[in-house]
Amino acid sequence: MGKSDISGRFALVTGASKGIGKASALKLGEQGVNVAVNYNSSKSEAEDTATQLTDLGVEAFIVKADVSSLDEVSNMVDDVTDRFGQIDILVNNAGIISDSLLIRMSDEAWDDVITTNLNGTFYCTRAVLRGMIRRRWGRIINIGSVVGIRGNIGQVNYSASKAGIIGFTKALAKEVASRNITVNTVTPGYINTDTVDVLPQATKDRIMTWIPQGHFGEVDDVAYMVAFIASEKARYMTGQVVSIDGGMAI
Ligand code: NAP
């Protein structure tokens, strides 16, 4: 574990059992940050994240909560605060898709995506913010999506949830700027994860034509930006939407 300007701080990363959340948790761990690893259903994967973090020499433990449930989020933040004493860095990464054309979209598909992606971000942020305000230091790092900027056929619910996160970021950044708390969103394009792996080849080929760099990204491409935003080096950056997408949002 190398020394860094955030070494010894405490983070909560939602959806850190897999993909971008796991990579972000590990990049924070490499900076000496202690990490609470949230998961919902993938316990053994979350345990693997925590083990890898412990091997890096930081404190880590898993914490189960469905971020779309206000009660579960409250209990999670209480648990993490009890164990760590404080939460300095929150990465709102947990997210789902439930795709269909609007004309066929069920109420459930709409509600599931909005409550997990957008309400989850709200519940987790509100629960950790008071402590950050008191301590006059904090990092709220949201994971949006290029789709929240450009829109995408079949993803009205997901696009709305991710566009909502951008508005949330800008408004909250203004509210807490004077308290030395930054609020930013990283908007990945298509990143090699379970979600993208399962797309049919024809869909992947079509998406590729939208990406100037001509290939999908890797989870570490996003995680490096998360770790940078968490650091002291990014102290003057707030309310920003940073695309990590091979140029797709241009
Ligand atoms: P992933 O590999 O499918 O992982 C999703 C993570 O979110 C898992 O750890 C999952 O935990 C967790 N999660 C889902 N619902 C949850 C809930 N209700 N409560 C708590 N945790 C929950 O996805 P990913 O591709 O890494 O995506 C991570 C974030 O990046 C999402 O917000 C996604 O929208 C965004 N994103 C991804 C891409 C991409 O190309 N992959 C592009 C743009 C944006 P369990 O498995 O334990 O339930």
At q = 0.12 Å⁻¹, the log10 of I(q)/I(0) for the stretch 85-182 from a Debye sum over equal Cα scatterers comes to -0.42
Based on the Cα atoms of the stretch 135-248, what semi-axes does the equivalent ellipsoid have, where each is the square root of 5 times one gyration tensor eigenvalue, given in whole Å with the largest first? 29, 15, 10
Using a cut-off of 11 Å between beta-carbons, work out the net charge of the residues near E45 (Lys and Arg +1, Asp and Glu -1, E45 not included). 0
Find the accessible area per residue for the chain; the probe is 1.4 Å, ligands and nucleic acids are left out, and the unit is Å². 46 Å²
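Heavy atoms only, probe 1.4 Å: what % of the accessible area of the stretch 23-136 goes to carbon and sulfur, would you let me know?
Values: 2410 of 5430 Å².
Its accessible area is 44 percent carbon and sulfur atoms.
For I166, what charge total do you get from the other residues with a beta carbon under 15 Å from its beta carbon, if Lys and Arg give +1 and Asp and Glu give -1?
Neighbourhood net charge equals +3.
Tally Lys and Arg at +1 and Asp and Glu at -1 over the other residues with C-beta under 11 Å from the C-beta of P188: what net charge comes out?
-2
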Determine, from the Cβ-Cβ distance of D78 and I153 and an R0 of 51 Å, the FRET efficiency 1/(1 + (r/R0)^6), rounded to the nearest 0.05. 0.80
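Within the set K64/K204; K43/K162; K3/K162; K3/K204; K22/K204, which residue pairs have Cα atoms separated by over 30 Å?
Working: K64/K204 33 Å; K43/K162 26 Å; K3/K162 34 Å; K3/K204 40 Å; K22/K204 23 Å.
Flagged as over cut-off: K64/K204; K3/K162; K3/K204.
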Residue-by-residue Karplus 3J(HN,Hα) for the stretch 102-116, coefficients 6.51, -1.76, 1.60, Hz, glycine and proline x: 3, 4, 10, 6, 7, 4, 5, 5, 5, 5, 4, 6, 5, 5, 6
Do you know the relative contact order of the chain, to the nearest whole percent, from alpha carbon pairs under 8 angstrom that are 6+ apart? 19 percent
Under a 10 Å cutoff between Cα atoms, tell me which one of G29, G95, G131 has the largest fluctuation in the Gaussian network model of the chain. G131
Over the stretch 166-212, how many percent of alpha carbon pairs lie in each 5 Å bin up to the one with the longest distance? 4, 17, 18, 13, 8, 11, 12, 10, 5, 1
Obtain the radius of gyration and the Kirkwood radius of the stretch 80-121 from its C-alpha atoms and give Rg over Rh. 1.23
Ordering of 109-120, 191-202 by burial proxy (mean other Cβ atoms within 10 Å per residue, highest first): 109-120, 191-202
Counting pairs of alpha carbon atoms under 8 Å apart in space and at least six apart in sequence, what relative contact order in percent does the stretch 29-175 give? 22 percent
Sort all Cα-Cα distances of the stretch 1-137 into consecutive 5 angstrom bins from zero, then give the percent of pairs in each bin up to the one containing the longest distance. 2, 11, 20, 22, 19, 12, 7, 4, 2, 1, 0
For the stretch 31-108, how big is Rg over Rh, using alpha carbon atoms and the Kirkwood form of Rh? 1.08
Viscosity 0.692 mPa s, temperature 37 °C, Stokes-Einstein D of the chain from Kirkwood C-alpha radius, µm²/s: 182 µm²/s
For the stretch 108-165, what is the largest minus smallest coordinate of the Cα atoms on each principal axis, given in angstrom and ordered from greatest to least? 43, 23, 10
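The values are calculated or read from the model by the stated rules, or taken from the named source; none is laboratory data. In this text, all values refer to a predicted model and were calculated from it rather than measured experimentally. Because the Cβ atoms are built from the backbone with ideal geometry, glycine has one as well, and the counts that use them run over all protein chains shown. Heads up: the accessible areas ignore ligands, DNA and RNA and are worked out on the full protein's heavy atoms, side chains in. Shrake-Rupley method; radii C 1.70, N 1.55, O 1.52, S 1.80 Å.
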